[in-house]
Amino acid sequence: MRVERSVTVDASREQVWARVRDPGDYPGYMEGITRADREDGVKQGTGARFSMRMRVGSADVGGLVEVVEYDEPGDLTWTSITGIDQRGRWRLRDTSDGKTKVTLRLSWGAPGGLLGTISDRVASPMVARNLERTLENLKLEFDGGETELSEPATGLIGKLGHALGTVKVLAEAGVIRPIRPDKLFKVLTILARFGRSPAAGTISLAASYPDETMIVDELGSLTFAQVHRRTNAIAHALSDAGVKEGDGVGIMCRNHRGFIEATVAVSKLGADALYLNTAFAGPQLAEVVKREKPAAIVYDEEFAGLLSEAGKRRKRFVAWHDSDSTADPTLDGLIATGDDSDVVAPAREGRITILTSGTTGTPKGAARGNPQSLEPAVSLLATIPLHTRQTSHIAAPLFHSWGFAHYTIGLILGSTYVLRRKFDPEACLAEVARSRAEVLAVVPVMMQRILELPVETRRKYDLSSLRVVAASGSALPGDLATEWMDAFGDNLYNLYGST
């Protein structure tokens with residue numbers, strides 16, 4: 001991709017050239033470049049090389065660039081030798097009125113595949129806008145007034161580096177990959193219709209991996225295509241029951257297929273999901289529901305008593321049940337008798353609300369829309385080595401921010417989710433061994449309970465597949481982290497503060 005813009009400044013070519021001729025000076029006036037260190041060898045002109053680094057989230061990306069054209073005071077071109085693929089060119093020309101026309105061109109390459117295409121579509125206008133801003137800054141510097149640059153990483157090079165750095169992180173995670181044109185078109189159409197919602201992720205994955213496993217829980221396994229069809233049926237049934245776009249739906253479920261299917265179905269309707277903590281007491285639930293006013297509640301049968309007050313005058317549906325008959329319709333019943341045809345995309349994306357623990361009073365809602373960029377995912381992927389199509393055992397509660405984060409990142413990576421309704425330390429190890437899980441998402445107290453198992457019990461299970469143990473949700477004591485790594489190896493990643 002290539003973007004080019006020009007501006008006329010009230011200065012001679014020699015004056016402008018003195019400003020742009022040395023890439024080593026770029027960190028001083030181009031936001032986003034953290035370093036441009038001159039390599040040994042040619043000091044200036046053709047052949048000069050610089051190690052350029054650009055800040056992308058919490059990481060520096062970049063590589064070696066070389067000046068390949070140096071025709072003073074008119075033309076300078078640099079190109080990447082290693083690292084992110086980029087090429088830049090300054091072109092200075094005299095005007096008839098004694099001023100200088102300055103042209104700046106940037107070109108870059110992105111890997112192929114879905115997100116490579118999306119990255120180019122997003123990056124092109126973004127780079128164009130910031131290229132214009134950079135030339136305006138240059139014009140201000142020479143025509144009078146001080147140059148006003150935006151916050152770090154919003155300058156031209158910063159934006160370009162950010163876009164390419166994002167592609168780099170996603171490519172390393174396997175998200176950017178070759179994709180057949182017909183599948184690419186289908187996925188882009190889904191994203192255009194459903195945005196960045198759980199619905200979009202599920203529908204896209206059903207198109208990409210229809211027969212591969214999405215969920216494994218105590219009831220068995222479901223493929224991506226099965227989850228797509230089942231959530232269509234649930235969405236149609238919720239709509240028939242009166243749940244409409246913009247309505248709230250409370251979800252009080254443990255870690256199992258029902259949590260995910262309710263989330264996706266609500267998302268397909270453009271309704272808002274309200275996640276209710278399974279540890280809440282009846283009065284807390286009643287207060288939260290009174291404040292948030294959901295139109296319906298999807299719950300596990302074991303919480304029926306707690307919802308006796310909160311569930312009044314609301315549509316109620318049972319996600320998990322152990323009895324043969326329930327007071328309210330079950331999701332399985334809706335699926336068995338429902339219409340599994342595709343749902344018409346809503347005009348709005350639904351929001352989600354994750355509640356605080358409520359230890360100091362009534363739980364407060366942390367409402368949010370769906371991420372409007374890949375920034376949160378890129379930040380997580382830059383920190384934890386997750387990869388596409390990994391098997392992830394999410395032991396942390398899905399209604400908690402940390403568990404929910406692993407669910408949402410799995411929609412980008414196409415993860416297989418391994419779930420158990422209740423945490424048991426030995427059962428957790430057994431599940432990792434059985435499923436050959438590569439990722440285990442936990443809160444620190446779960447690690448403590450696993451380490452409290454007798455050594456001989458822990459050694460019964462083959463955990464050699466485990467590459468990442470991702471812990472958050474509360475502070476991780478240093479001695480607990482050390483004890484874990486002594487027992488299970490250096491696979492621990494701590495991101496306390498996800499709420």
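The values are calculated or read from the model by the stated rules, or taken from the named source; none is laboratory data. All values derive from a computational prediction rather than experimental measurement. Glycine also receives a Cβ, built like all others from the backbone with ideal geometry; neighbour counts cover every protein chain displayed.
A few comments on the model shown:
- Cβ-Cβ under 8 Å pairs, at least 6 apart or on other chains, the stretch 450-469 side assigned to a helix (DSSP H, G or I), far side not hydrophobic (A, V, I, L, M, F, W, C): Ile450/Pro425; Ile450/Arg458; Leu451/Glu483; Thr457/Glu426
- Unmet criterion (only one of (1) surrounded by 18 or more Cβ atoms within 10 Å (Cβ to Cβ); (2) free of Cβ contacts under 8 Å to residues at least 24 places away in the same chain) for Met485: (1)
- Restricting the first member to the stretch 389-400 and to residues that are modelled with pLDDT of 95 or more, and the second to residues that are outside any strand (DSSP E or B) and basic (Lys, Arg), the beta-carbon pairs closer than 7 Å and six or more apart or on different chains are Thr391/Arg436.
- As a summary of the residue check, Val249 satisfies the conditions (1) farther than 25 Å from Thr391 by Cβ; (2) in a helix (DSSP H, G or I); (3) touching a residue at least 24 places away in the same chain (Cβ under 8 Å) except for the one numbered (2).
- Residue within the stretch 83-91 that is under 27 Å from Ser204 (Cα atoms), at pLDDT below 90 and in the same structural domain as Tyr70 (by TED's automatic domain parsing) present: no
- The residue of the stretch 312-328 that is nearest to Val249 (Cα to Cα), among those that are not basic (Lys, Arg) and not in a loop (DSSP other than H, G, I, E, B), is Phe317.
- Condition met for Thr263 (in contact (Cβ under 8 Å) with a residue 40 or more places away in the chain and part of a helix (DSSP H, G or I)): yes
- Checking each residue of the stretch 437-453 against the condition of being in contact with a Pro (Cβ under 9 Å, 6 or more places away or on another chain) and modelled with pLDDT under 95 gives no match.
- Scanning the stretch 196-226 for residues that are more than 21 Å from the chain's Cα centre (by Cα) and without any contact (Cβ under 8 Å) to a residue 60 or more places away in the chain returns Pro210, Asp211, Leu219, Gly220, Ser221, Leu222, Thr223, Ala225, Gln226.
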